[in-house]
Amino acid sequence: MIYPTAADWAASARKRVLLFGMSGLGKTHVASTLRGAGRWFHYSVDYRIGTRYMGELIADNFKREAMKVPFLRELLLTDSVFIASNITFDNLAPLSTYLGKPGDPAKGGLSFAEYRKRQDQHRAAEISSLLDTPHFIGRAEDIYGYPNFICDTGGSICEVVDPEDAQDPVMRALSANLLMVWIEGSEAHTGELVRRFDRAPKPMYYQPGFLTAAWESYLEETGCSETSVDPDAFVRWTYARALAHRQPRYAAMAANWGIKVTADEVAALRDVQDFDALIAEAIARN
């Protein structure tokens, strides 16, 4: 680790941290708190994915839908309107909308082949965005004068790395430049995330092998054909399984490459001083 001891962390004039874990446990909240306090640069991996690597794909998808409307089609063909994504750190809906859900096209579902293609695009974009992190560490200090750096990752980071492989290129690049911190949720947190997702199911990225197995199991269990699957029903059915699939991968990332804190500890943070103290304590525990 780049901060072997709590004393090393406390003495460092350049604190660099990467937060990972399930979506909804406070990664973006902590990053926003640090950014708001000043002297911390906030790098959002999902924002980088949606702007640098998938921005054109997202915008083209908007245009493809607009071309189905005669009024908008005419305006687009004459370059009379401009269509673009307005993705922000706090609103990643354009990226989620592009990823979509597989199933009945009448309910907004994608064919499984198209869905897999978009999943593969996201995987490549996520890996590239993660590998861009060291560049942004240098850029943040060189251009903006920020000595401290917080990387806010998506929940799917554990799906695009192999935490058990000591030569994994993404994990090596990240751990050489940042302290890897897992925000670990409890069973109660997982239950609440499942309930929240059930109320408003959203697209997400899955590891290819897991996704294929889940899709085939769902079709067999429900007797649905590919085009009769309710897209929301499938992602609801898959979500809890995906969280269970990710948990040991997060744990291996923390055990082999970093440290962990609990979601309850994160929820209690009020300011930068609390954050510094929590990280020091977690390093000491490790």
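The values are calculated or read from the model by the stated rules, or taken from the named source; none is laboratory data. Nothing here was measured: the structure is a model prediction, and the numbers come from that model. For neighbour counting, all protein chains shown are included, and Cβ atoms are generated from backbone atoms with ideal geometry for every residue, glycine included. Surface accessibility is based on the protein's heavy atoms, side chains included, excluding ligands, DNA and RNA. Shrake-Rupley method; radii C 1.70, N 1.55, O 1.52, S 1.80 Å.
Are there any pairs with C-beta distances below 7 angstrom linking a residue in segment 73-87 that is on the phi < 0 side of the Ramachandran plot and at pLDDT 90 or above to a residue that is open to solvent by 50 Å² or more (accessible area, probe 1.4 Å) and assigned to a loop (DSSP other than H, G, I, E, B), with the two at least 6 apart or on different chains, and if so which?
So the pair list comes out as Arg73/Met67.
Conditions (1) within 23 Å of Val261 (Cβ to Cβ); (2) in a helix (DSSP H, G or I); (3) open to solvent by 40 Å² or more (accessible area, probe 1.4 Å), marked per residue:
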| residue | (1), (2), (3) |
| --- | --- |
| Glu114 | no, yes, yes |
| Ile143 | no, yes, yes |
| Ile157 | yes, yes, no |
| Arg172 | yes, yes, yes |
| Gly191 | yes, yes, no |
| Val194 | yes, yes, yes |
| Pro203 | no, no, no |
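Run down Tyr43, Tyr47 and say which single residue is open to solvent by 20 Å² or more (accessible area, probe 1.4 Å), of a type outside the set (S, T, N, Q), touching a Ser or Thr at 6+ places or on another chain (Cβ under 8 Å) and touching a residue at least 40 places away in the same chain (Cβ under 8 Å). Let's see the steps before the verdict.
Working: Tyr43 fails: open to solvent by 20 Å² or more (accessible area, probe 1.4 Å).
Result: Tyr47 is the single residue among Tyr43, Tyr47 that is open to solvent by 20 Å² or more (accessible area, probe 1.4 Å), of a type outside the set (S, T, N, Q), touching a Ser or Thr at 6+ places or on another chain (Cβ under 8 Å) and touching a residue at least 40 places away in the same chain (Cβ under 8 Å).
Show me the helices (runs of 4 or more DSSP H) found entirely inside segment 206-286 where at least 3 residues are free of Cβ contacts under 8 Å to residues at least 40 places away in the same chain.
Working: elements: 208-222, 231-257, 263-267, 272-285.
Correct list: 208-222, 231-257, 272-285.
Read through the list (1) in contact (Cβ under 8 Å) with a residue 60 or more places away in the chain; (2) surrounded by 15 or more Cβ atoms within 10 Å (Cβ to Cβ); (3) out of contact with any strand residue (DSSP E or B) (no Cβ under 6 Å at 6 or more places or on another chain), then give the number of the only condition that Pro105 fails.
Of (1) in contact (Cβ under 8 Å) with a residue 60 or more places away in the chain; (2) surrounded by 15 or more Cβ atoms within 10 Å (Cβ to Cβ); (3) out of contact with any strand residue (DSSP E or B) (no Cβ under 6 Å at 6 or more places or on another chain), only one is false for Pro105: (2).
Checking Val161 against (1) in a loop (DSSP other than H, G, I, E, B); (2) β-branched (Val, Ile, Thr); (3) in contact with a strand residue (DSSP E or B) (Cβ under 6 Å, 6 or more places away or on another chain), which test does it fail?
Only one criterion is unmet by Val161, namely (3).
Just the residues that are out of contact with any helix residue (DSSP H, G or I) (no Cβ under 6 Å at 6 or more places or on another chain) and either open to solvent by less than 50 Å² (accessible area, probe 1.4 Å) or of a type in the set (Asp, Glu) (or both), please, taken from segment 175-185.
Pass one, segment 175-185, residues out of contact with any helix residue (DSSP H, G or I) (no Cβ under 6 Å at 6 or more places or on another chain): 176, 178-179, 181, 184.
Passing the criteria: Leu178, Leu179, Val181, Glu184.
Can you pull out the residues in segment 61-95 that are charged (D, E, K, R) and either surrounded by 13 or more Cβ atoms within 10 Å (Cβ to Cβ) or in a loop (DSSP other than H, G, I, E, B) (or both)?
Pass one, segment 61-95, residues charged (D, E, K, R): 63-65, 68, 73-74, 79, 90.
Once the filter is applied, which keeps residues that are charged (D, E, K, R) and either surrounded by 13 or more Cβ atoms within 10 Å (Cβ to Cβ) or in a loop (DSSP other than H, G, I, E, B) (or both), segment 61-95 yields Lys63, Lys68, Arg73, Asp79, Asp90.
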